[in-house]
């Protein structure tokens with residue numbers, strides 16, 4: 001008999017008052033009850049119910065994190081959710097979770113989308129979802145790369161250059177202060193810049209000064225017999 005885990009999520013923790021009664025505006029039982037009925041109809045045992053009250057955009061969801069930890073301990077055989085968007089924030093997160101469940105030998109069932117990865121049709125749907133997610137990632141990568149290449153050739157609308165701007169300070173003053181024995185930190189504070197920028201400026205100056213003084217060494221004269 002399969003051990004099942006249910007996951008439900010409502011998007012808000014907002015409460016309202018009616019007389020002396022305070023209640024949540026969204027009730028997770030709307031999702032929970034049909035999932036319990038599905039588990040009973042399939043003859044599975046309910047191992048645990050996991051729930052969150054949080055927006056799907058929030059990175060941290062304690063209920064979902066607990067479910068993933070227990071999945072890695074093999075504490076259940078199938079995860080049942082109400083709908084994809086109640087479980088995952090994005091297609092990428094959904095595919096990542098389904099990949100992990102598959103590697104752990106755990107099935108995934110979505111009530112509303114009628115997805116069951118334990119069936120051939122469910123496996124086929126998962127393959128299609130994973131392919132669409134990879135296509136989406138590829139398109140985004142290509143768009144970003146094309147945008148950066150265009151901005152480098154033609155500039156940006158704001159006129160600003162691509163990348164992190166160089167620190168603006170008097171580099172000759174940094175070299176002079178260093179020659180006077182000032183520490184990196186003292187120079188950086190004096191010139192209102194970072195220690196790393198001061199170091200780079202002084203090192204570049206040293207290389208520039210050393211370059212004209214480089215001379216080719218004369219070839220070794222052959223020893224007389």
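The values are calculated or read from the model by the stated rules, or taken from the named source; none is laboratory data. In this text, all values refer to a predicted model and were calculated from it rather than measured experimentally. Quick reminder, even Gly has a Cβ in these numbers, built from the backbone with ideal geometry, and neighbours come from all protein chains shown.
For region 161-172, state whether one or more residues are modelled with pLDDT under 75, in a helix (DSSP H, G or I), within 30 Å of the chain's Cα centre (by Cα) and surrounded by 12 or more Cβ atoms within 10 Å (Cβ to Cβ). No - not one qualifying residue is present in region 161-172. If the condition is being more than 18 Å from residue 44 (Cα to Cα) and part of a loop (DSSP other than H, G, I, E, B), then region 98-120 contributes 112, 113. For residue 178, the conditions (1) modelled with pLDDT of 85 or more; (2) assigned by TED's automatic domain parsing to the domain that holds residue 84 all hold with the exception of (2). The set of residues in region 53-82 being at pLDDT 90 or above and not in a helix (DSSP H, G or I) consists of 73, 74, 75, 76, 77, 78, 79, 80, 81, 82. The residues in region 1-52 that are in a strand (DSSP E or B), within 21 Å of residue 66 (Cα to Cα) and modelled with pLDDT under 80 can be counted, and the count is 0.
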